[in-house]
Structure formats: C-alpha cells, structure tokens
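One structure is given here, and the rest of the page talks about it.
Laboratory data are not the source of any read-out in this text; all were calculated from the coordinates shown. Predicted, not measured: the structure shown is a model, and the values here were computed from it. Don't worry about glycine lacking a Cβ; one is built from the backbone with ideal geometry, like all the others, and counts go over all protein chains shown.
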Amino acid sequence: MFDFLQYDFIQHAILIGIALALSASLLSPFLVLNQQAMIADGLAHVSFAGIILGVILSNEPLYIAIPFVMAASLLIKYLTTKKTINGDAAIGLVSAVSFALGLILVKKGQGFNISIESMLVGNIFTATNTEMILSMIVTVLILVFILVNYRALLMMTYDESYAKFSKIKTNFLGYVLSGLTAFFIVIGVRTIGTLLISALVIFPSIISSQWTKSFRNTLILGIISSFIVVIAGIFIAHPLEIPVGSTIVMIYAILLLILLVIKTILRR
C-alpha cells in the first residue's frame with residue numbers, strides 16, 4: 001500500500017511538507033491573531049514576480065526570488081508604519097504592482113519555460129534538492145527566532161502599545177518576522193502554489209482556536225493539525241494524481257467544518 005514511499009521524490013515531498021507545516025504553524029498565531037494574515041497572501045503574489053524574475057536571470061530562481069520578496073515584505077512593513085497607509089492597503093499596493101510586473105515579465109521574457117499553472121497551484125513532487133534544503137533552513141530560522149523572542153512576540157501580538165512601553169524592540173522584531181514570513185512564502189509558492197500558500201498560515205490558528213483560548217495551546221494544536229493535514233494531503237494527492245496544495249486546503253476546510261459542527265452541537 002505504501003510502496004510509493006521508496007521513491008526519492010516522495011521522500012523529498014514529505015520532508016518539505018513537514019518543514020512547511022512546522023514553519024506555517026509557528027508563524028500562524030503571530031500573524032493571524034495580530035490581524036496580519038493577509039500578508040501571506042500578498043507576499044505570495046510578490047513571490048510570483050520574484051520567481052519569474054529569478055527564472056529569467058538565474059539557473060536557481062530562488063536565489064533571486066528570496067531577497068526580492070524579503071525586500072517587498074520590509075517595504076510593506078515600512079508602509080504600515082506610516083499613518084497615511086493602513087496595513088491592508090500597503091499589502092494590496094505592493095502585491096498588485098508585483099503581480100503585474102510578473103505578468104509583464106512572463107509576456108516579454110525570452111525563452112521562458114515554466115508553466116504558469118504550476119506557479120499558481122505548485123507541485124511539491126517536483127521540488128529540487130535546493131528547495132528541500134531551503135525549506136529546512138527557513139524552518140530552523142523561524143523556530144529559533146520564536147523560541148528566543150517568544151515572550152516579546154506574544155506581547156506584541158496582544159498589545160503592541162504595551163510592548164513598546166515595555167521597551168521591546170517591536171519595529172526590529174516586526175521586520176524580522178516579516179522577512180522570515182517572506183522566506184517561507186517563496187519556498188511555499190514553489191511547492192504549494194501562489195493561490196494556496198496563505199491557507200497554510202491561516203488555517204492552523206483558526207482551527208486550534210476553536211478549542212482553546214490559550215496562546216500556547218493554540219500554537220501547539222496548530223502544529224499538530226498542520227503536520228497531520230499536510231502529510232495526509234501528500235498521501236491522498238499522489239495516488240489520485242491531484243495537486244497537493246489543493247488537497248491540503250480541502251482537508252483543512254473539511255476539518256474546520258467538522259470542528260464547527262461539533263462545537264455547535266456541544267453548545268446545545
């Protein structure tokens with residue numbers, strides 16, 4: 001039944017899936033509970049342009065795309081600090097311009113040989129060794145960053161004004177969190193897809209918060225649910241020959257629906 005596990009591309013897909021699941025679930029509560037969930041969607045659109053630019057300029061597009069998207073994430077963070085532009089507008093502004101740039105590059109790029117469909121929905125089964133290594137690197141960076149700055153990030157999530165009053169370097173931590181989110185999104189776009197990667201960030205906290213109000217428990221349950229759903233998505237998508245990213249999102253949606261129904265029944 002599990003004979004397909006012997007293939008290298010399946011093993012690579014599982015390793016990348018685990019890394020992305022952990023990264024997404026670690027970022028999820030700090031973004032979702034701080035009403036920054038849409039930054040993942042915005043950066044996914046920026047990644048589209050970054051990867052297209054990388055394909056045109058380099059044999060390893062991620063080496064171009066990662067700094068490009070990280071720079072865009074820092075720009076978004078900077079714009080949100082200005083009173084004249086709110087967070088959603090800043091995200092929409094940068095992501096729209098970047099996506100438009102990507103479409104122009106696709107149209108005018110010479111010798112462009114990457115499928116637009118694969119960019120939109122991703123394909124974790126065709127991931128390269130470089131993508132596998134980078135997915136593990138970003139997971140380690142996110143894990144270390146959160147472990148070292150957990151209390152400060154927690155305070156920023158619930159009360160940024162008080163965090164500033166407590167002499168926490170909120171701007172610095174915010175910029176680093178945005179940069180790491182961008183790093184994760186670029187890897188995710190290549191494997192899960194531009195249209196779907198933000199779901200990996202949003203669902204873990206939404207699902208875990210149905211059962212607990214504790215931030216720590218939200219984080220832990222988000223990690224557990226993310227692992228289960230991502231691995232299940234890989235195991236289901238391969239034999240059915242359907243996109244892994246789409247499968248993961250549908251499993252998340254079904255799980256959330258089941259939890260909401262159970263929660264409604266228990267309240268009666």
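Label separation (Val261 vs Ile104): 4.9 nm, computed from points 7 Å beyond Cα along the C-beta direction.
Between Thr81 and Asp8, the simple spin-label model (points 7 angstrom out along Cα→Cβ) gives 4.5 nm. A simple packing score, the average count of other Cβ atoms within 10 Å per residue, orders the peptides 144-156, 181-193 as 181-193, 144-156, with the highest score first.
A simple spin-label model places pseudo-atoms 7 Å from Cα toward Cβ; at Ser58 and Leu74 they are separated by 1.5 nm. Helix check for the chain. Which DSSP H runs span at least 30 Å along their own axis by Cα, with a mean Kyte-Doolittle hydropathy no less than 0.0? Flagged H segments are 8-32, 87-108, 129-158, 170-191, 215-240, 244-267. When each of Phe165, Phe215, Phe30, Phe68 is scored by the number of other beta-carbon atoms lying within 10 Å, the sequence from fewest to most is Phe165, Phe215, Phe68, Phe30.
Reducing the stretch 1-80 and the stretch 121-185 to their Cα centroids gives an inter-centroid distance of 12 Å. Of Lys77, Lys263, Lys107, Lys164, the sequence from fewest to most neighbouring Cβ atoms within 10 angstrom is Lys107, Lys263, Lys164, Lys77.
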